[in-house]
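The values are calculated or read from the model by the stated rules, or taken from the named source; none is laboratory data. Everything numeric in this text was worked out from a predicted model, so none of it was measured. So basically every Cβ, Gly included, is an ideal-geometry build from the backbone, and we count neighbours across all protein chains shown. Please note that ligands, DNA and RNA were not included when accessible areas were found on the heavy atoms of the full protein model with its side chains. Shrake-Rupley method; radii C 1.70, N 1.55, O 1.52, S 1.80 Å.
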Amino acid sequence: MNTSVSIVSLGGPIDGFAILVHGGAGAVPEARRAAHTEGCRRAAAVGAAALRSGGSALLAVEHAVRALEEDPLFNAGTGACLNAEGRVEHDASIMEGTRLRAGAVCAIDGFSQPISIARAALEDGRHVLYAAHGARAFARAKGFVPVGDEALITPAARAAFEAARGTEGASGWAGGTVGAVAIDASGGVAAATSTGGLINKSAGRVGDSPLIGAGTYADDEAGAVSTTGHGEGMIRVAAAHTAAAAMGRGESAEAAATLVLARLAAKIGTSGGLIAVDHARRWGLARSTVTMSWALVTGTRDDAGI
Ligand code: ASP
């Protein structure tokens, strides 16, 4: 996994509200970088529209991530990467910071909107995390209609799988996981993350993205976080909660994202990226990979990059 570089970070103040999205840490080839940035911009605009019309941070992150799941460019929803059996298994989670409600699905196949199934679990409130066939049954019970694997698999995802399959059996790193964090006008925060995981991953492998505290965390007294990168590393440092705890102690979103990546590099030797908003109304992001596409909309600022 030769995608590690020194840590790059960005951040600043938030006026009014903010939605910040990412399109995955990795090494997106030069030719596709503009498209990734534009995809993030479109998704942030969808989240911002929800906030502007009085919607909650929770609604904004769900809508932004769903826009990225619908975009075949990203490794989430339609266009997600294939596992070692040549199938799509999605992971997704969502959390709000006022009452710490959370919902998640993992190793679920056949559905195009995993983040909205996770949102349904959050609203249902009985369990936080549903896996595999139980997640499918939950989704059906909530009215989601399965679309099947073929509708989710793009030619690009199949080609990437064929290329990874030929190499040592090691899981290739897809990049293109998606996530969003938001803070609404009343100070409520939320985070959401969705992914197909790693190319050629073992069937049943679950990464950081659906795990509350690893891939996603939100607490109005601290902030909201979505992570991307080598999932096994992110799980072992409880990346999202570690960043949230730092923001709870007064660190800025940017500093919190940076310190998690520094710890990852020092303790485990893996890389990735985080996006965050903190309770003191600052946004921040950091990556230790070659690229991480992102887009931001606040009450007064509209920006994107990779
Ligand atoms: N974190 C994701 C996973 O390990 C992959 C990624 O962010 O690219 O499943």
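Key figures
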| read-out | value |
| --- | --- |
| Close pairs (7 angstrom Cβ cut-off, 6 or more residues apart or separate chains): within 29 Å of SER56 (Cβ to Cβ) and within 16 Å of the ligand (Cβ to nearest atom) in the range 86-97, β-branched (Val, Ile, Thr) and not in a strand (DSSP E or B) anywhere | ASP91/VAL206; ALA92/ILE115; ILE94/VAL61; ILE94/ILE115 |
| Residue check, ARG287 at pLDDT 95 or above, within 17 Å of GLY24 (Cα to Cα) and either surrounded by fewer than 24 Cβ atoms within 10 Å (Cβ to Cβ) or charged (D, E, K, R) (or both) | yes |
| Pair list, Cβ < 8 Å and 6+ apart or interchain, from the range 222-239 residues that are among the aromatic types (Phe, Trp, Tyr) to residues that are modelled with pLDDT of 95 or more | none |
| Residue that is nearest to the ligand (Cβ to nearest atom) [pool: residues in the range 173-189 that are under 28 Å from PRO29 (Cβ atoms) and open to solvent by less than 30 Å² (accessible area, probe 1.4 Å)] | THR177 |
| Every residue from the range 259-270 that is buried (at least 17 other Cβ atoms within 10 Å of the Cβ) and more than 17 Å from the chain's Cα centre (by Cα) | LEU259, LEU264, ALA265, THR270 |
| Residue check for ALA35: modelled with pLDDT under 95, surrounded by fewer than 24 Cβ atoms within 10 Å (Cβ to Cβ) and of a type outside the set (S, T, N, Q) | no |
| Only listed residue being under 27 Å from GLY213 (Cβ atoms) and of a type in the set (Gly, Ala, Ser), chosen from ALA132, ALA151, ALA156 | ALA132 |
| Flag for LEU59 being surrounded by fewer than 24 Cβ atoms within 10 Å (Cβ to Cβ), of a type outside the set (D, E, K, R) and either over 15 Å from GLY148 (Cβ atoms) or without any contact (Cβ under 8 Å) to a residue 60 or more places away in the chain (or both) | yes |
| Those residues of the range 133-152 which are in contact (Cβ under 8 Å) with a residue 40 or more places away in the chain and either surrounded by 21 or more Cβ atoms within 10 Å (Cβ to Cβ) or not hydrophobic (A, V, I, L, M, F, W, C) (or both), in sequence order | ASP149, LEU152 |
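Here's the yes/no breakdown for (1) open to solvent by 10 Å² or more (accessible area, probe 1.4 Å); (2) closer than 30 Å to ASP220 by Cα; (3) at pLDDT 95 or above; (4) touching a strand residue (DSSP E or B) at 6+ places or on another chain (Cβ under 7 Å):
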| residue | (1), (2), (3), (4) |
| --- | --- |
| ALA84 | yes, no, no, no |
| HIS90 | no, yes, yes, yes |
| ILE94 | no, yes, yes, yes |
| GLY97 | no, yes, yes, yes |
| LEU100 | yes, yes, yes, yes |
| VAL105 | no, yes, yes, yes |
| ALA131 | yes, yes, yes, yes |
